[in-house]
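Please read the structure below before turning to the comments.
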Amino acid sequence: MSLHAELAADLALREQRGLRRTRRLLESPQRARVRVDGQEFVAFCSNDYLGLAADPRLAAAAKSGIDRYGVGAGASHLILGHGTAHHELEAALAAFVRLPRALLFSTGYMANMGSVSALAGRGDAVFADRLNHASLNDAALVSRAAFKRYAHGDLDALEKQLKVTVARRRLVIVDAVFSMDGDIAPVPELLALCERYDAYLLIDDAHGFGVLGAQGRGTLAHFGIESDRLIYMATLGKAAGVAGAFIAGSVALIDSLINNARTYVYTTAAPPLLCQALLASLALIEQEDWRRERLSEHIAELRSGLAGLRWQLPPSQTPIQPLIVGGNAEALALSERLAAQGLLVPAIRPPTVPQGMARLRISLSADHVAADVARLVDALVRAA
């Protein structure tokens, strides 16, 4: 069999199992109401939790960045790509999350990959929640450290692993908000274990930054914790509405990553115009509490309206509201039924979620209005 024939056979098998993925074509700005493949929809599938992705103030800031810096950075940060805009944004991000320093990466995947592989290697151990994002799992594998996984949220299992490890350096890595379930990790308890067993805790706050905590400062603010054992990562393409990610922590941590994180050292710096947009976004996240208040109202309305359905709605106080359907075909059929009514809600299937746990991942945004949520609730109640 040729390579192409093997690939075609694999795709056919995926199709048969309800696992083949395809792309829709977004023809409008990322908003609650979008034009996709020539049709108008209310979308519940974006991570634009605060409704900032199409905010004209961010667009104006990006345009001013073009006027000031041009388009491309032109070089890696360590050659001549690290400009004033990058430097100002890193300082603003560190101050926002109240940590000494921050370091920009082009994507969250690169931030996790670069930081974990720079901090752990042969002779070390990385401990990970089984439902962590793929970027954390891949980072642990690339690091060549011993990779220990524990059942989702099982602190007793993690403690047993930490208690017997002989690793030189111990790194616990965890999603702060789990991207497919919407639940929040027990960060204070994880930190306590790290302090007890001389480990460090890297939290991926991709879905908490901008949403949780006072003024959207993230999961650390949500729990009111601080420690020199914390390594903080957050992305800037979700609630912040632009692109990129950052790691924040001690001066020694950031200087070490500048020298050792391969996904930082060996890539061209992000366009400075994005940094200008992100500086504007950061100010809006801090100042406009109404966005988080509206999100809370939407979450309460959705959960109240879907209570008692035959599909499970696990506990979640975040904009990620998973409706567990079970089978792949049923989840796809329900998603397609909603799409026929002008409602876009994605069906999430294995391997992104465990077998038998296919779901609709409902993502709420401050850009939605109450009528949007009510329309979705009504459609799901009728479908059930």
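Only the coordinates and a few stated rules stand behind these numbers; no lab work does. A quick note: this is a predicted structure, and the numbers were derived from the prediction, not measured. Cβ sites come from the backbone with ideal geometry, for glycine too, and all protein chains shown count toward neighbours.
With an 8 Å cut-off on Cα pairs and a minimum separation of 6 or more residues, tell me the relative contact order of the stretch 230-349 in percent.
Taking the mean separation of contacting Cα pairs over the length of the stretch 230-349, I get 13 percent.
How much of the DSSP beta bridge set in the chain is antiparallel, as a percent to the nearest 5?
The antiparallel fraction comes to roughly 55 percent.
Full-extension gain between LYS163 and GLN341, please, as 0.36 nm times their residue separation minus the C-alpha to C-alpha distance.
Result for the pair: 58.7 nm of gain on full extension.
Just how far, in whole angstrom, is the stretch 32-82 from the stretch 3-17 if you go by their alpha carbon centroids?
The distance from the Cα centre of the stretch 3-17 to that of the stretch 32-82 comes to 35 Å.
Using 0.36 nm per residue of separation minus the Cα-Cα distance, give me the extension gain between GLU88 and GLN312 in nm, one decimal.
76.2 nm
Listing LEU19, LEU306 from the residue with the fewest other Cβ atoms within 10 Å to the one with the most, what is the order?
LEU19, LEU306
In debye, nearest 20: dipole of the stretch 190-322 around its Cα centre with unit charges on the Cβ of K, R (+) and D, E (-)?
Dipole magnitude for the stretch 190-322 comes out near 400 debye.
When Lys and Arg each count +1 and Asp and Glu each count -1, what net charge do the other residues less than 12 Å away from ASP204, Cβ to Cβ, add up to?
That works out to -2.
Say each of ARG35 and ALA374 gets a label point 7 Å from the Cα, pointing the same way as Cα to Cβ; how far apart are those two points in nm?
So the two model labels end up 2.8 nm from each other.
Let me know the charge dipole size of the chain about its Cα centre in debye, to the nearest 20, where only the beta-carbon of Lys, Arg (+1) and Asp, Glu (-1) is charged.
Dipole about the Cα centre, nearest 20: 700 debye.
Could you work out how far apart the two model spin labels at ALA329 and HIS152 are, taking each label as a point 7 Å from the Cα in the direction of the beta carbon, and quote it in nm?
Simple spin-label model gives 2.5 nm for this pair.
About its Cα centre, how strong a charge dipole does the stretch 127-182 have in debye, to the nearest 20, once Lys and Arg get +1 and Asp and Glu get -1 at the Cβ?
460 debye
Among the complete DSSP H segments of the chain, which ones combine at least 27 Å of alpha-carbon extent along their axis with a mean Kyte-Doolittle hydropathy of -0.5 or more?
Long hydrophobic helices here: none detected.
Can you give the FRET efficiency to the nearest 0.05 for ASP67 and ARG98, using r as the Cβ-Cβ distance and R₀ = 35 Å?
Rounded to the nearest 0.05, the efficiency is 0.65.
Calculate the FRET efficiency for ALA192 and HIS4 from the Cβ-Cβ distance with a Förster distance of 56 Å, rounded to the nearest 0.05.
That pair, ALA192 with HIS4, gives E of 0.60.
Compute the relative contact order of the chain as a whole-number percentage, counting only Cα pairs closer than 8 Å that sit 6 or more residues apart in sequence.
23 percent
Identify all lysines with a Cα-Cα distance to LYS148 below 18 Å; exclude those on the same chain that are fewer than 8 residues away in sequence.
Correct list for LYS148: LYS160, LYS163.
Measure off 7 Å from each Cα along the Cα-to-Cβ vector at GLU226 and ASN260, then give the distance between these two points in nanometres to one decimal.
The answer from the label model is 2.5 nm.
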